[in-house]
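Trainee: Got a structure here, written out as structure tokens. Questions coming.
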Amino acid sequence: MCSHPAAYLTQIPYNYFVALNNFELSFGARRRLGYELIDLINNYFESLPLRPVQAPSEHRSFEPLRDEMPEAGILEQGAVPSGMNGTSPDKLAAFLRETVEEMINRGFHVGSGNYFGLMNPTPTYAGVLAETLVAALNPQLATTGRSQLATKIEAETIRWIGERFNWQPPFDGTFTSGGNEANFSALAMALATHFPAAIEDGVASIGAQPMVYASSESHHSLDKSVGLLGLGRKALRRVPLNEAWAMDVKALQQAIAADRHAGYKPFCVVATAGTTNSGLIDDIPAIADVCQHEGLWLHLDGAYGAAVAFSDTHRHLVSGIEHCDSVTIDPHKWLAAPFVAGVVLTRHPAAMQTAFGVTTPYMPKAVPGVPPDNFKVSMQWTRRMNSMKLWLTLKMHGRLGYQAFIDSQMEQARNFVRWVESSEHFELATPQVLPILNLRLKLAGSGDQLMRAHVDLVEQVTRDGRFWISETRVGGHSVIRVMIVSYLTGASQIESLQEAMLASVPVPALQGHRAACR
Ligand SMILES: Cc1ncc(COP(=O)(O)O)c(C=O)c1O
């Protein structure tokens, strides 16, 4: 597949190969290579619904590549073809084709309709186009004055997201490299708001240990963040889960009280909407009450799950989001933007400048009435335009496109639950809230035996490369994790996965004993 240039490519007659100056290519060359690539991408997209996620295990290699850095590039290696009638294969286009085919044939395809893995989407095609456009225009978003429409598009996209959270103005936000940076930024804003002197004088000036609270299932980006903010990783207090597998709010209150008693300074609680393992959502309204009572900043890590607010049918799952001081949402998860696109929003726009504002002589002075420059509200300086892929997808498909996508995945997940409930071999290990399922084998034996059986089953299901699912631990217990993540996944991919899972059930499970997991 992917190997024959379309007929119109042969009609580009002149100098299509010529490099004019340094990296400058001729009009014809740019066009030739661009069409070549878009055809290859188009063919790839056509293959995605049923494409195996990766090569069979016996063909996977993790050997590093060992080529020398090229001294002369393809262009300098006599690439100008003698016959310029366009019918002879040109070297650069052939090289591009080979590279793409190599990437595809030896790649791992999170975009496949058979990928039931982590929160990695099949990118929207609008997103792919947006990425190309952004790379070509290369807007520099550090300042407003030098990015103009690009910054306005970012601001508009942020406003659209905040409006889906039912936030009233003023609120603001910024695109980030992902959820990690968004969570870090939110904690930096919370810290700067509670302890403004620490911005200049450092956290030692606070005089006591500042503390952050999040559930035991919250994302490890929080550990990194508190560490990098200079609070020490122990500043993150992991609150246990309750019977509903969400943060135990009573335990949260007790932890805050105990820390205050010990002389620590609680300043922030992080609730999660869509835990990485299980897609579970903390009780946001109850945690918001605690934060209000205790005077703490409430951040919602909705890197995955906050996107549910794009569906009128399901936005109630994140009700309480309107009370959060800040929210992380990653368009490169459920909103199917190509990597990377994270967003942090806050209902306290001034906090962004408190945390990130700097002045330098070589950047333009702030102009009254003009929004703050992006470099003053974000960790980043040079800024890529990460909003374009979401903005363009929304322009092309509308918010209703996302609603239909989210609602259909929720329906697929509920159907999957019904299949599990009627299965002799599997049972649900945690409740299904979003389209992530945690299953376990109905298998007699200790936790370790169950874990080994799960690992074996996952190994068996993923061996031929067609599907991808994983084994993980939730609350210390092994589960098989299946996530419906691609907009290309339909009933047929799910049924095939279920068949593969049934064919991989280890023999002892057929005895059908229930293992007490919790
Ligand atoms: C709940 C949650 N928060 C934050 C992150 C970090 O996001 P990113 O990988 O975009 O940095 C993840 C990643 O999976 C996540 O699941």
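The values are calculated or read from the model by the stated rules, or taken from the named source; none is laboratory data. Not measured: the values here are computed from a predicted model. Using ideal geometry, Cβ is built from the backbone for each residue, glycine included, and neighbour counts are taken over all protein chains shown.
Trainee: Can you confirm whether the range 330-347 contains a residue that is more than 12 Å from the ligand (Cβ to nearest atom) and more than 18 Å from the chain's Cα centre (by Cα)?
Mentor: yes
Trainee: Here is a further query. Counting only residues that are in contact with a Gly (Cβ under 9 Å, 6 or more places away or on another chain) and of a type in the set (A, V, I, L, M, F, W, C), which one in the range 171-190 is nearest to the ligand (Cβ to nearest atom)?
Mentor: A182
Trainee: Taking D312 as meeting all but one of (1) touching a residue at least 24 places away in the same chain (Cβ under 8 Å); (2) of a type outside the set (A, V, I, L, M, F, W, C); (3) away from the ligand (no atom under 15 Å from the Cβ); (4) touching a strand residue (DSSP E or B) at 6+ places or on another chain (Cβ under 8 Å), write down the number of the exception.
Mentor: Condition (4) is where D312 drops out.
Trainee: Follow-up. Which residue out of L228, L141, L149, L187 is more than 16 Å from L345 (Cβ to Cβ) and surrounded by 19 or more Cβ atoms within 10 Å (Cβ to Cβ)? First the steps, then the outcome.
Mentor: Values: L228 fails: surrounded by 19 or more Cβ atoms within 10 Å (Cβ to Cβ); L149 fails: surrounded by 19 or more Cβ atoms within 10 Å (Cβ to Cβ); L187 fails: more than 16 Å from L345 (Cβ to Cβ).
The unique qualifying residue is L141.
Trainee: Residue by residue through the range 403-455, note down the ones that are surrounded by 15 or more Cβ atoms within 10 Å (Cβ to Cβ), touching a strand residue (DSSP E or B) at 6+ places or on another chain (Cβ under 9 Å) and of a type outside the set (A, V, I, L, M, F, W, C).
Mentor: S423, H425, E427, T430, Q432, P435, N438, R440, K442, R452, H454
Trainee: Among the residues of the range 189-199, is any under 24 Å from the mean Cα position of the chain (by Cα) and in a helix (DSSP H, G or I)? Give the derivation first.
Mentor: Initial filter on the range 189-199 (under 24 Å from the mean Cα position of the chain (by Cα)): 189-190.
Applying the additional criterion that residues be in a helix (DSSP H, G or I) yields 189-190.
There is at least one residue in the range 189-199 that is under 24 Å from the mean Cα position of the chain (by Cα) and in a helix (DSSP H, G or I).
Trainee: Between residues in the range 372-390 that are among the polar types (S, T, N, Q) and residues that are part of a helix (DSSP H, G or I), which pairs lie under 6 Å by C-beta distance while being six or more apart or on different chains?
Mentor: S378/F356; S387/I153; S387/E154; S387/T157
Trainee: Turning to a different aspect of this structure: So, in the range 123-150, how many residues would count as being within 16 Å of the ligand (Cβ to nearest atom) and either more than 26 Å from L40 (Cβ to Cβ) or in a loop (DSSP other than H, G, I, E, B) (or both)?
Mentor: Matching residues across the range 123-150 total 1.
Trainee: State the number of residues belonging to the range 191-234 that are within 16 Å of the ligand (Cβ to nearest atom) and farther than 23 Å from L252 by Cβ.
Mentor: 1
Trainee: Take T393 and decide whether it is buried (at least 23 other Cβ atoms within 10 Å of the Cβ) and of a type outside the set (G, A, S). Lay out the reasoning, then the answer.
Mentor: Working: buried (at least 23 other Cβ atoms within 10 Å of the Cβ): yes; of a type outside the set (G, A, S): yes.
The answer is yes for T393.
Trainee: Which of the residues belonging to the range 269-307 are in contact with a Pro (Cβ under 9 Å, 6 or more places away or on another chain) and closer than 17 Å to E217 by Cα?
Mentor: Passing the criteria: S278, G279, L280.
Trainee: Right, here's the next one. Of the residues G83, G34, G73, G78, which single one is surrounded by fewer than 16 Cβ atoms within 10 Å (Cβ to Cβ), modelled with pLDDT under 50 and farther than 29 Å from A500 by Cβ?
Mentor: Working: G34 fails: modelled with pLDDT under 50; G73 fails: modelled with pLDDT under 50; G78 fails: modelled with pLDDT under 50.
Checking each option against the conditions leaves just G83.
Trainee: Now, a different point. Looking at A355, is it more than 20 Å from L133 (Cβ to Cβ), without any contact (Cβ under 8 Å) to a residue 24 or more places away in the chain and more than 16 Å from the ligand (Cβ to nearest atom)?
Mentor: Numbers: more than 20 Å from L133 (Cβ to Cβ): yes; without any contact (Cβ under 8 Å) to a residue 24 or more places away in the chain: no; more than 16 Å from the ligand (Cβ to nearest atom): yes.
No; evaluated as a whole, the condition is false for this residue.
Trainee: Of all the residues that make up the range 338-350, how many are crowded, with 24+ Cβ neighbours inside 10 Å and either outside any loop (DSSP other than H, G, I, E, B) or polar (S, T, N, Q) (or both)?
Mentor: Count: 5.
Trainee: W167: more than 16 Å from the ligand (Cβ to nearest atom) and under 24 Å from A142 (Cβ atoms), yes or no? Reasoning before the result, please.
Mentor: On the way: more than 16 Å from the ligand (Cβ to nearest atom): yes; under 24 Å from A142 (Cβ atoms): no.
Answer is no for this residue.
Trainee: So for the range 276-289 (the condition being more than 11 Å from the ligand (Cβ to nearest atom), closer than 30 Å to M396 by Cβ and not in a loop (DSSP other than H, G, I, E, B)), does at least one residue qualify?
Mentor: For the range 276-289, residues more than 11 Å from the ligand (Cβ to nearest atom), closer than 30 Å to M396 by Cβ and not in a loop (DSSP other than H, G, I, E, B): absent.
Trainee: Right, something else. Being in contact (Cβ under 8 Å) with a residue 24 or more places away in the chain, away from the ligand (no atom under 15 Å from the Cβ) and within 15 Å of E294 (Cα to Cα) is the requirement here; does V249 meet it? Steps first, please.
Mentor: Values: in contact (Cβ under 8 Å) with a residue 24 or more places away in the chain: yes; away from the ligand (no atom under 15 Å from the Cβ): yes; within 15 Å of E294 (Cα to Cα): yes.
Answer is yes for this residue.
Trainee: Looking only at the range 320-329, how many residues end up being within 14 Å of the ligand (Cβ to nearest atom) and surrounded by fewer than 24 Cβ atoms within 10 Å (Cβ to Cβ)?
Mentor: Filtering the range 320-329 for residues within 14 Å of the ligand (Cβ to nearest atom) gives 326-329.
When the remaining residues are screened for being surrounded by fewer than 24 Cβ atoms within 10 Å (Cβ to Cβ), the result is none.
Residues meeting the conditions: 0.
Trainee: Tell me which residues, restricted to the range 89-138, are surrounded by fewer than 21 Cβ atoms within 10 Å (Cβ to Cβ) and among the aromatic types (F, W, Y).
Mentor: Passing the criteria: F95, F108, Y125.
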